[in-house]
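Read-outs: derived from the displayed coordinates by stated rules, not from any lab. Owing to the predicted nature of the structure, the values given are computational and were not obtained by experimental measurement. Cβ placement follows ideal geometry from the backbone for every residue including glycine, while neighbour counts extend to all protein chains displayed.
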Amino acid sequence: MKLNENASVTSWKDAASYYSDLIDEKEMEALLNDPDVAFAPISSKSVKGKNYEETVALFKNAGFINVETSSVEETRIVLKRTGEVEHVSIGSVIDFTTEDHFDAGTKVVIYYYE
């Protein structure tokens, strides 16, 4: 059984896997081209310590249209530098990766140290 020049399968399980991957690729392509969908431009783990103004630009450039900032005071002994991101929330989500997508209008709040 041969599906196309690039994919050779030997069983129905292989064919099902191939078509499942193809559907996932098509769905991803549709999401990437949808102006109402925005992907997180950086993971929640990687954003910590970044400059908050640059982080705002990252999220806006990724298609998020409702981006806000909120300053937090450092109360622990270990001091953070002024302007560093403490964490980001996308809607109610605070643990995200660059594979996660959201409605472009979802509220993004970037919490940073004063």
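Would you mention how many residues in the range 26-44 are in contact (Cβ under 8 Å) with a residue 24 or more places away in the chain, of a type outside the set (A, V, I, L, M, F, W, C) and either more than 22 Å from E114 (Cβ to Cβ) or out of contact with any Asp or Glu (no Cβ under 8 Å at 6 or more places or on another chain) (or both)? Reasoning before the result, please.
Taking the range 26-44 and keeping what is in contact (Cβ under 8 Å) with a residue 24 or more places away in the chain, we get 31, 35-44.
From what's left, of a type outside the set (A, V, I, L, M, F, W, C): 35-36, 41, 43-44.
Narrowing further to those that are either more than 22 Å from E114 (Cβ to Cβ) or out of contact with any Asp or Glu (no Cβ under 8 Å at 6 or more places or on another chain) (or both): 35-36, 41, 43.
Residues that pass the stated criteria total 4.
In the range 82-105, which residues are surrounded by fewer than 17 Cβ atoms within 10 Å (Cβ to Cβ) and of a type in the set (V, I, T)?
Once the filter is applied, which keeps residues that are surrounded by fewer than 17 Cβ atoms within 10 Å (Cβ to Cβ) and of a type in the set (V, I, T), the range 82-105 yields T82, V93, I94, T97, T98.
For F59, state whether it is crowded, with 17+ Cβ neighbours inside 10 Å, within 29 Å of E29 (Cβ to Cβ) and touching a Pro at 6+ places or on another chain (Cβ under 8 Å).
Working: crowded, with 17+ Cβ neighbours inside 10 Å: yes; within 29 Å of E29 (Cβ to Cβ): yes; touching a Pro at 6+ places or on another chain (Cβ under 8 Å): yes.
For F59, the condition - crowded, with 17+ Cβ neighbours inside 10 Å, within 29 Å of E29 (Cβ to Cβ) and touching a Pro at 6+ places or on another chain (Cβ under 8 Å) - is met.
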